[in-house]
Number of protein chains: 2
Amino acid sequence: MFEFRIDARSGSARTGTLTLPHGSVETPLFMPVGTQGTVRALSPNDLRGVGATMVLANAYHLHVRPGEEVVGNLGGLHRFMGWDRPLLTDSGGFQVFSLAGFRRVDEDGVEFQSHVDGSRRTVTPERATEIQWTLGADIAMAFDHVVPGGADLATARDALERTLRWLERCGKRHRELREGDGMTERRKGDAGGATAQSPSPFRPSVIPSQSQTLWPILQGGAHLELRTAGLRRILDLGSWTGLAIGGLSVGEPKPAMYEMLEGLEPGLPPPLPRYLMGVGFPGDLVAAVERGVDLFDCVAPTRNGRNGSAFTPDGPVNIRNAEHREDARPLDETCDCETCTTFSRGYLRHLFVTDELLGLRLLSLHNVRYVIRLAAAMRAAIRRNAFGSWAEEWRRRYLEPRSA
Amino acid sequence: MFEFRIDARSGSARTGTLTLPHGSVETPLFMPVGTQGTVRALSPNDLRGVGATMVLANAYHLHVRPGEEVVGNLGGLHRFMGWDRPLLTDSGGFQVFSLAGFRRVDEDGVEFQSHVDGSRRTVTPERATEIQWTLGADIAMAFDHVVPGGADLATARDALERTLRWLERCGKRHRELREGDGMTERRKGDAGGATAQSPSPFRPSVIPSQSQTLWPILQGGAHLELRTAGLRRILDLGSWTGLAIGGLSVGEPKPAMYEMLEGLEPGLPPPLPRYLMGVGFPGDLVAAVERGVDLFDCVAPTRNGRNGSAFTPDGPVNIRNAEHREDARPLDETCDCETCTTFSRGYLRHLFVTDELLGLRLLSLHNVRYVIRLAAAMRAAIRRNAFGSWAEEWRRRYLEPRSA
């Protein structure tokens with residue numbers, strides 16, 4: 001049910017096939033982000049239409065609204081959001097540490113204030129695991145302690161150590177759930193720190209029948225010595241089906257991220273798929289694949305799309321610019337998406353200038369198609385063992401100053 | 001190119017086929033409203049998917065942004081908005097009299113302030129005709145003077161008389177344009193009252209090659225004697241391919257609208273398609289078809305959809321209500337649209353509660369599908385000459401207080 005096969009290599013870059021309960025996906029893979037159980041402005045049909053094979057949703061957001069019990073009672077996350085292909089849920093660690101106004105971290109877990117209604121909630125590693133189990137994605141993520149990009153060694157070490165201890169607890173709870181151990185009883189125990197706002201205890205009826213795997217998240221800030229030590233500890237803790245690199249692309253300088261990836265690569269077991277969380281922009285995807293990464297997620301394609309910024313092979317285009325007013329050309333002449341095959345830049349600009357909803361969707365759709373085509377192009381370059389020269393050529397065009 | 005054939009009758013209700021340059025459409029027909037050249041939140045593919053055959057766009061809005069010259073230079077309105085089926089443009093009369101902050105009406109036309117940037121603009125009957133000619137919809141509407149629903153006899157008569165004089169001028173200008181008379185020269189003459197904000201004069205290159213027909217608009221407020229006199233005058237003015245009834249559903253009591261329709265019906269030449277502008281809600285469509293109306297447009301399906309209100313055979317449903325929280329049923333069990341065949345009420349409620357863009361689209365899509373299926377059901381009832389009993393049954397269900 002959980003298998004990763006490497007199909008080809010080119011330098012450190014790899015292309016492979018990841019098999020999950022809801023289907024097989026090819027890597028390098030970009031996952032569009034459906035934070036609240038919907039990829040903003042896009043429907044499941046849109047996503048299938050642009051070739052998306054796997055989507056990310058967020059356990060924190062779905063716990064806050066509508067509550068994982070509601071999703072479970074409505075048949076689980078796949079059915080809830082109308083997505084029948086693989087899904088991954090992030091654990092909520094990142095959100096707890098970036099969105100919540102108030103938070104208190106201790107060894108047990110995190111008490112925080114909901115960013116929606118200010119209610120106090122407590123999430124422990126066990127609770128984060130249960131929430132994701134109820135949601136029922138193919139891949140669940142361990143609950144992690146994320147620190148800002150510039151965190152000093154002591155802070156980063158403290159968060160890494162906590163994340164490792166929490167990983168053990170996530171792994172234990174996940175094993176129990178997989179083995180069908182009585183969830184209701186456990187929940188009562190865990191709920192000790194929870195407030196009146198916490199959802200009611202688990203009902204066994206909402207336990208999804210689908211299998212699910214749990215991936216660890218490696219923290220350690222921009223400190224390679226922490227990262228390499230953390231990696232060894234993670235690998236000692238269990239036999240994982242994949243591994244995520246978290247806490248990068250959170251404010252640190254870009255060379256630091258590349259340094260971490262290069263430093264980690266030799267220690268990463270080749271058979272494990274590597275997921276670089278929250279990355280990224282087209283240039284970051286290319287650079288990370290070059291350094292051995294297999295999976296990505298990022299809100300950039302949809303968020304930038306909603307802001308009127310479109311990815312093209314010649315770099316980003318701001319569709320609001322007056323130069324597009326009477327431009328009959330498509331956004332991206334090389335693209336096969338609905339936006340590019342149907343509408344002119346002039347029309348797309350009109351939609352943004354007049355604040356029409358269709359514009360948000362059409363640029364999001366194109367941008368997601370763009371990164372999915374980019375991933376496909378990378379897979380092809382790896383298969384012909386020419387990733388280095390392909391990446392050089394790609395960068396030359398993407399970064400070149402454009403002529404009008 | 002412009003033909004209307006009545007296929008069946010049931011009482012005053014008729015079903016027919018209207019042939020236009022971009023295809024044939026069946027009546028009774030509901031046109032979704034694409035005010036700014038886009039039906040809010042829906043793509044042309046969505047519209048085709050729910051069976052829309054004809055769409056309305058607004059000359060006033062497209063004149064203000066992006067300017068009809070831009071649309072013309074980008075290939076005309078059909079190509080601009082990616083819609084290859086019939087289009088109708090409203091003249092802008094209604095908008096000038098409802099949206100503009102400042103306005104000054106005289107015999108020549110209307111000077112008004114753009115609702116977008118406050119710039120002063122002048123639209124004359126000739127100018128409104130030219131704008132629509134450049135946009136190139138299948139049907140253009142005459143420029144009319146619209147008064148509020150409660151207007152007294154003198155005010156309504158004054159606006160009706162002006163609308164009739166303007167109709168003559170629209171008709172004359174439209175004939176000249178059809179005959180290819182030098183537009184550039186004419187524009188210079190008309191531009192006398194225009195300000196610096198007015199767009200540059202017509203260039204012959206933007207004259208669409210498509211044929212276009214012009215429909216008159218009957219005004220007269222809620223005064224039947226004005227309406228019947230106005231109708232006779234319109235019919236004396238030319239040989240039209242259709243006729244619109246304007247200035248209803250603008251604040252007058254509903255029985256007044258029905259009274260106007262019933263009073264006008266005997267005087268309406270059967271071979272002319274009848275278009276009731278700005279109507280309406282499901283109950284209004286049924287009542288108006290019962291009184292001999294063929295075409296409709298209204299923002300209600302999309303606007304209500306964006307507000308979370310969905311049409312169903314059992315009356316409107318507010319999807320935000322807490323009762324839908326864990327409701328696994330579709331919005332409308334009888335509906336075949338993407339929304340109803342894919343998503344639960346619980347998920348749709350979640351999208352609205354979390355302000356997700358997909359919710360706006362999914363409810364708009366369903367509501368448009370709902371009125372299009374309603375029109376199809378009406379056509380079927382007319383064909384079996386059973387419109388009266390069908391309408392009674394429909395109302396019984398739609399208006400019945402619902403059980404939970």
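The values are calculated or read from the model by the stated rules, or taken from the named source; none is laboratory data. The model shown is predicted, which means the values in this text are computed figures rather than measured ones. Heads up, the Cβs are rebuilt from the backbone with ideal geometry, glycines too, and the neighbour counts pull from every protein chain shown. Surface areas here come from the heavy atoms of the whole protein model, side chains and all, with no ligands, DNA or RNA. Shrake-Rupley method; radii C 1.70, N 1.55, O 1.52, S 1.80 Å.
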Counting alpha carbon pairs within less than 8 Å and at least 6 residues apart, what relative contact order, in whole percent, applies to the range A:61-153? 34
Give a residue-ordered list of calculated ³J(HN,Hα) values for the range A:154-170 (Karplus: 6.51 cos²θ - 1.76 cosθ + 1.60, θ = phi - 60°; whole Hz; x for Gly, Pro). 5, 4, 5, 5, 4, 5, 4, 4, 4, 4, 5, 5, 5, 4, 4, 5, 4
Chain-alone versus full-assembly comparison, the range A:58-107, residues with accessible loss of at least 10 Å² (1.4 Å probe): A:Arg65, A:Pro66, A:Val70, A:Asn73, A:Leu74, A:Arg79, A:Phe80, A:Met81, A:Gly82
For the protein assembly as shown, give the percent of accessible area contributed by carbon and sulfur heavy atoms, probe 1.4 Å, rounded to a whole number. 48
Hey, what did chain A get for relative contact order, percent, Cα under 8 Å, at least 6 apart? 19
Surface accessible to a 1.4 Å probe, per residue, for the residues of chain B, Å²: 36
Efficiency of FRET from Cβ geometry, A:Asp108 and A:Ala8, R₀ 56 Å, rounded to 0.05: 0.80
What is the Cα centroid distance between the range B:58-127 and the range A:1-45, reported in whole angstrom? 48
Would you grab the residues whose amide H sits under 5 Å from the one on A:Asp144? Only those 5+ places off in sequence or on another chain, please, with H modelled 1.01 Å from N. A:Gly93, A:Phe94
Can you list the residues of the range B:8-50 whose accessible area drops by at least 20 Å² going from the chain on its own to the full set of protein chains, with a 1.4 Å probe? B:Gln36, B:Thr38, B:Arg40, B:Ala41, B:Ser43, B:Pro44, B:Asn45
Say a label goes 7 Å from Cα toward Cβ at A:Leu153 in every copy; what distances in nm does this one have to the rest, shortest first? 9.6
Put a label point 7 Å from Cα along the Cβ direction on A:Ser24, then list its distances to the equivalent points in the other copies in nm, shortest first. 5.0
Mean separation of Cα pairs under 8 Å and 6+ residues apart, divided by the residue count of the range A:216-341: what relative contact order is that in percent? 18
Pairwise label distance in nanometres, B:Ala386 with A:Tyr258, each label 7 Å out on the Cα-Cβ vector: 7.4
Just flag the chymotrypsin sites (Phe, Trp or Tyr not before Pro) in the range A:68-111 sitting in loop per DSSP whose Cβ has no more than 11 other Cβ atoms within 10 Å. A:Phe102
Testing the spin-label approximation: label points 7 Å from Cα along Cα→Cβ at B:Ser119 and A:Leu153. State their distance in nm. 6.3
Expressed as an acute angle from 0 to 90° and rounded to the nearest 10, what is the orientation of the C-alpha long axis of helix A:224-237 relative to the principal long axis of chain A? 50
Estimated translational D of the range B:294-334 in µm²/s (Stokes, Kirkwood radius over Cα pairs; 37 °C; 0.692 mPa s): 285
Protein chains only, probe 1.4 Å: how do B:Val116, A:Val286 rank by accessible area, largest first? B:Val116, A:Val286
Using alpha carbon coordinates only, what is the Rg to Rh ratio of the protein assembly as shown, with Rh defined as the Kirkwood radius? 1.04
The ³J(HN,Hα) series, computed from each phi in the range A:288-293 with the Karplus coefficients 6.51, -1.76 and 1.60 at θ = phi - 60°, rounded to the nearest Hz and given as x for glycine or proline, is 6, 5, 4, 9, x, 8
Quick check: the angle from helix B:357-383's long axis to the longest principal axis of chain B, C-alpha only, nearest 10 degrees? 90
Quick calc, the protein assembly as shown, dipole around Cα centre from Cβ unit charges on Lys, Arg (+) and Asp, Glu (-), nearest 20 debye, gives 360
Solvent-accessible area buried by B and A, counting both chains, probe 1.4 angstrom, square angstrom: 3300
Most positive-pole-ward Cα, B:Leu218, B:Leu47, B:Pro269, against dipole of chain B from beta carbon charges: B:Leu47
Out of all DSSP beta bridges in the protein assembly as shown, what portion is antiparallel? Express it as a percent rounded to 5. 50
Which residues, if any, in the range A:348-362 lose at least 20 square angstrom of accessible heavy-atom surface (probe 1.4 Å) when the other protein chains sit next to their chain rather than the chain being alone? A:His350, A:Val353, A:Thr354, A:Glu356, A:Leu357, A:Leu358, A:Arg361
Distances in nm from B:His115 to the matching label points in the other copies, shortest first (labels 7 Å along Cα to Cβ): 3.4
Built amide H within the under 5 Å cut-off of A:Gly149, gap 5+: A:Glu252
Among the range A:296-311, those whose backbone N falls under 20 Å of a label point 7 Å along Cα→Cβ from A:Ala322 are A:308-309
Work out how much length A:Arg165 to A:Arg65 would gain on full extension: take 0.36 nm times their residue separation and subtract the Cα-Cα distance, in nm to one decimal. 33.2 nm
Find how many whole Å separate the alpha carbon centroid of the range B:344-404 from the alpha carbon centroid of the range B:222-278. 28
Rough spin-label spacing in nm, given labels placed 7 Å along Cα→Cβ, for B:Lys172 and A:Ser98: 6.6
In the range A:56-148, the GluC sites (Glu not before Pro) that fall in loop regions by DSSP, at most 15 other Cβ within 10 Å: A:Glu107
Using θ = phi - 60° and Karplus 6.51 cos²θ - 1.76 cosθ + 1.60, couplings along the range B:56-71 (whole Hz; Gly, Pro as x): 9, 10, 10, 5, 4, 5, 6, 5, 5, 8, x, x, 5, 5, 5, 4
Amide H neighbours of B:Thr312 at under 5 Å, excluding residues fewer than 5 places away on the same chain, with H built from the backbone geometry, are B:Val317
Considering only the other residues whose Cβ falls under 10 Å of the Cβ of A:His145, what net charge follows from Lys and Arg at +1 and Asp and Glu at -1? -1
